[in-house]
Amino acid sequence: MIEKQLDSPIKIVKLINGDDVVCVLPKLQLGENSKLLRLEKPFQLKYIPQLTPVGIKDYVALIKWAAYTPDELITIPKDKILTITNAGVEMIKSYFHVAKDYSTNKEIPKTKQYKRRRLTDDENEELNEIFNEDYDDNGTVH
């Protein structure tokens, strides 16, 4: 399994700003003398702390790094890279699971209209019970 991991094009690129980017390093680059490096389908690693019964545990999420473009091939300056490492087996699996939907545009189509509806009196009352605090005349919460 280690041999497969080392042959994998999936890399973790550590940038000088602290970001960890998981991506494919395509074989076709711009040349050895180029000051740029191509990344294919880059995702930023986000560490999200979760409170569990045994303490705090980090959850790792992969978020599209260049979120506002449909481009799958992103070029970055080499001088912004701190290091490049091989991704582990679990990270490779996660990457392929998430990357299959990389170019899927999940925005709501502008042509689709959504109708707003007025809440019923009962729904309003229920929301008020949830969000309103009980204040006395002095502004003290009870």
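The values are calculated or read from the model by the stated rules, or taken from the named source; none is laboratory data. Small disclaimer: the values here were computed from a predicted structure and weren't measured. Note that each Cβ is placed from the backbone with ideal geometry, even for glycine, and that neighbours are counted across all protein chains shown.
Data overview
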quantity	calculated
Output for the stretch 28-41, where each listed residue is over 18 Å from THR85 (Cβ atoms) and in a loop (DSSP other than H, G, I, E, B)	LEU28, LEU30, GLY31, GLU32, ASN33, SER34, LYS35
Candidate set from the stretch 64-84 (those that are aliphatic (A, V, I, L, M) and over 15 Å from LYS11 (Cα atoms)); member that is surrounded by the fewest Cβ atoms within 10 Å (Cβ to Cβ)	ALA67
Positions within the stretch 1-33 being of a type in the set (A, V, I, L, M, F, W, C) and modelled with pLDDT of 90 or more, in sequence order	ILE10, ILE12, VAL13, LEU15, ILE16, VAL21, VAL22, CYS23, VAL24, LEU25
Total residues in the stretch 62-93, condition of a type in the set (S, T, N, Q) and free of Cβ contacts under 8 Å to residues at least 12 places away in the same chain	1
Residues located in the stretch 42-69, provided they are assigned to a loop (DSSP other than H, G, I, E, B), more than 15 Å from the chain's Cα centre (by Cα) and not hydrophobic (A, V, I, L, M, F, W, C)	PRO53
